[in-house]
Amino acid sequence: MQSSLNADPMPFDAVELVDRPWFPYLCTEVEHWQWNSTGDGHFNFWVALSGDGYLTCDGETFRLQPGMFFIFTPQQNISAAHYSGPRITRFSAHFHPLNGGHLLQTLGSDFNVRGQQAKSIEVLRRRIDALMRIAMRREDDSILAGNVYNLIQELCAGLVVARDVRVDPRVAEAIRIFRDEPSSVASIDSLAKRLGVSRSHFDREFSAQVGQAPKQFLINCKIIEARRYLESSRLRVGEIAEALGYKDIYFFSRQFKQCCGVSPSEYRQNLR
């Protein structure tokens, strides 16, 4: 389905870069990547180039796919995370929009670029490669800004809206709970009831939209959080298990080893 954006002119005719795009493909440093923004003073052109994860903005949750792009406006609250599978690789450029040389504070309610899909991920990658070669050669800022604007303009002129990546609000809420409050989930049955759906319906919808059963997704989130505790805190293994809602430290250790290949204690020792 073609977006209506390509029927209207862009609300800005140039961009002023806040900083230079730092790296062609800004990969996540860790497998359990998570990003939160409480609002910046600039716009952000953000592109997913590979990997599998989720991004929430203005109450909508999107399953990230290669070639998906967003234009985030100032002061938006955005969160994104990677839970399993291929790691997220993304590109972003921070900018201020200009029109006739004047700085714009807003782009209007009709200009909404969230969760939309480039027609060709390979072409998009080549364009970003070329753009980053300009950035790394330290060429004139106006040349770099012009190339960023041209890429945004071309994407918005020919984009296809990726409708199927918008996650159902109840599934999105389950993802949020699994990520932010894993210890609060006593059982998948209780969570389904909390969300107002039957367990069978919840299992079916979550698995279809996420590609993983909710029970396994919850385990992944708990193990990711356990790894964070092991990496950045002095909590004992038993205390970490308790913080994540495990009643049996031995069950927690077995589950951790199944996911990570080593016990929690060995994982921490390997960090030294």
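The values are calculated or read from the model by the stated rules, or taken from the named source; none is laboratory data. As the structure is a computational prediction, the values presented were derived from the model and not from experiment. Cβ sites come from the backbone with ideal geometry, for glycine too, and all protein chains shown count toward neighbours.
So is S233 at pLDDT below 95, farther than 23 Å from G51 by Cβ and out of contact with any Lys or Arg (no Cβ under 6 Å at 6 or more places or on another chain) or not? Criteria met by S233. Reported count of residues in region 230-252, each being surrounded by fewer than 19 Cβ atoms within 10 Å (Cβ to Cβ) and in a helix (DSSP H, G or I), is 9.
Checking E205, E225, E181, E242 one by one, the residue that is touching a Ser or Thr at 6+ places or on another chain (Cβ under 9 Å), under 27 Å from L64 (Cα atoms) and not hydrophobic (A, V, I, L, M, F, W, C) is E225 and no other. Filtering region 30-41 for residues that are aliphatic (A, V, I, L, M), touching a Lys or Arg at 6+ places or on another chain (Cβ under 9 Å) and part of a loop (DSSP other than H, G, I, E, B) leaves a non-empty set.
Restricting to region 183-200, count the residues that are within 23 Å of I224 (Cα to Cα) and part of a helix (DSSP H, G or I).
So the count comes out to 7.
Of the residues making up region 92-137, those that are charged (D, E, K, R), part of a loop (DSSP other than H, G, I, E, B) and either touching a helix residue (DSSP H, G or I) at 6+ places or on another chain (Cβ under 9 Å) or not assigned by TED's automatic domain parsing to the domain that holds V15 (or both) are D110, K119. Scanning region 201-214 for any residue that is in contact with a Gly (Cβ under 9 Å, 6 or more places away or on another chain), part of a loop (DSSP other than H, G, I, E, B) and of a type in the set (G, A, S) turns up at least one such residue. Looking across region 93-117, the residues that are out of contact with any Asp or Glu (no Cβ under 9 Å at 6 or more places or on another chain) and crowded, with 17+ Cβ neighbours inside 10 Å come down to L107, V113, Q116, Q117. Is it the case that region 206-229 has a residue that's of a type in the set (K, R), over 25 Å from G51 (Cα atoms), without any contact (Cβ under 8 Å) to a residue 40 or more places away in the chain and loosely packed, with under 15 Cβ neighbours inside 10 Å? No. Taking region 191-217 as the range and being under 18 Å from the mean Cα position of the chain (by Cα) and closer than 30 Å to Q269 by Cα as the test, only F217 passes.
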